1. Scan the range 379-390 and tell me whether some residue there is in contact with a Phe, Trp or Tyr (Cβ under 7 Å, 6 or more places away or on another chain), within 22 Å of Ala314 (Cα to Cα) and not aromatic (Phe, Trp, Tyr).
2. If you check Leu140, Leu208, Leu201, which single one turns out to be in contact with a helix residue (DSSP H, G or I) (Cβ under 9 Å, 6 or more places away or on another chain) and part of a loop (DSSP other than H, G, I, E, B)?
3. Taking Ala320 as meeting all but one of (1) touching a helix residue (DSSP H, G or I) at 6+ places or on another chain (Cβ under 6 Å); (2) not in a helix (DSSP H, G or I), write down the number of the exception.
4. Count, please, the residues in the range 167-183 that happen to be under 14 Å from His5 (Cα atoms) and touching a Pro at 6+ places or on another chain (Cβ under 9 Å).
5. I'm checking my understanding of the structure. Among residues of the range 194-213 that are over 17 Å from Leu288 (Cβ atoms) and among the acidic types (Asp, Glu), which one is surrounded by the fewest Cβ atoms within 10 Å (Cβ to Cβ)?
6. Which condition number in (1) in contact with a Leu (Cβ under 9 Å, 6 or more places away or on another chain); (2) in a loop (DSSP other than H, G, I, E, B); (3) free of Cβ contacts under 8 Å to residues at least 40 places away in the same chain; (4) loosely packed, with under 15 Cβ neighbours inside 10 Å is the one that His5 fails?
7. If you go through the range 225-244, how many residues are under 27 Å from Gln282 (Cβ atoms) and in a helix (DSSP H, G or I)?
8. Since Ile260 meets every condition but one in (1) within 15 Å of Ser163 (Cα to Cα); (2) β-branched (Val, Ile, Thr); (3) in a loop (DSSP other than H, G, I, E, B), which condition does it not meet?
Amino acid sequence: MADGHEVTGLGRRTADAARRLPALRWIAGDLRAMTGEGSWTEPLRDIEAVVNCAGVLQDGPKDEVASVQADAMRALFRACENSGVRRLIHFSAPPSGSGTLFETTKQEADKALAASTLDWLILRPALVLSPQAYGGSALLRGLAALPFCRPSIAGARPLQIVSIFDVAETVSRALRNPAHARRIYDLAHPEKIALDDLVVLLREWLGLAPVPALRLPGWFVACVAALADGAGRFGWRSPARTTALRELSHGIDAHPEGWIEDWVAEPAALQDILAAHPATVQERRFALGYFLKPLGLVALGLFWIASGILGLGAARSEAAQALVAGGFSAGVASAAVIGGSLVDIALGGAVLFARTARLALIGMLGVSLIYLIAATILLPGLWLDAFGALLKVIPAMIAALAMLALLPDR
């Protein structure tokens, strides 16, 4: 936009983006379904150049690696050729040797684009660092901010990093100057850094005191990846899934000499990136709260499910008797306890799924408020209960509010 381009964005969910960047034109489209050439006819109308930033690490309920990174890309390349769009900048990844579906489909798309007649450019950035945190860079901030120890993955190979601003500058210059078309560039600072050292520097950047390292054996990392893969089936895109950890453990061995010669003569080093964007209270709060989100959602889910199970079992009679003492008939009291318990179980289960988590959290707040109002009217003595039967509802509501605040990933 700063270069004077009219920019169109395409993505699955464009409402938030349209509110933040209303000057852009936005098209809603799911690449999983755009695997035919005809799917691209309308999106490419009046377009002169395409910049493809799409990528999927691992299959899940909302993601299909092969469809997004290979099938949809081949359809896009053919559609560009047939519609007269000559220039296409394609983001790929440096080969890691991991053998993951993420890597192999990226390579498939690279080969298909290289065989096309387009004026293409393939950019393969290393680990991208940005003031905005998402995915792997967010995970690294979370690891750096852990309070008692610094996890260290055994056998992890060195990485290379690149600044998001150098990446953006490369695209800007490439759109202005097509002289280096039909070439592949690795985007990275030449210096390699160990994963442990990167986490240490991020902790220093956050202004947190040093903590001892805790060496994580391979079996423990595999267990974490398995749990993250399980969360992926519930719709959560954890950066600790098998593919991400395998890519991290294989490291990044980029060869940026051509990129430095042709596009960015002095790429920003890690220390330069961190110094240019000093960590503020926002960064510290994000990093310190990174692991609170999954822990909080699981804790709330299990709490509500357990509460519902108890209401259907051991505590059912006691709860029904309390409602009878408040003026309900025995039949109505029993139905209310069963209904309330089923609602609790449903909300506890729904908060564990990414698609329904927000609605479930709002439902928890609403149901909790109803419980408080109804109990205050019918059984006010519960406020003085020795075990804090009603008092405990208030921190549970605050926990739901906190999870609502932490829920967005982007």
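The values are calculated or read from the model by the stated rules, or taken from the named source; none is laboratory data. Here the structure is a predicted model, which is why all the values come from computation and not from measurement. Please note: Cβ atoms are built from the backbone with ideal geometry, for glycine as well, and neighbour counts cover all protein chains shown.
1. The answer is yes; a qualifying residue exists.
2. Details: Leu140 fails: part of a loop (DSSP other than H, G, I, E, B); Leu201 fails: part of a loop (DSSP other than H, G, I, E, B).
Sole residue among the options that is in contact with a helix residue (DSSP H, G or I) (Cβ under 9 Å, 6 or more places away or on another chain) and part of a loop (DSSP other than H, G, I, E, B): Leu208.
3. Failed condition: (2).
4. The qualifying residues number 0.
5. The extreme case among them is Asp197.
6. The single condition His5 does not satisfy is (3).
7. The qualifying residues number 3.
8. The single condition Ile260 does not satisfy is (3).
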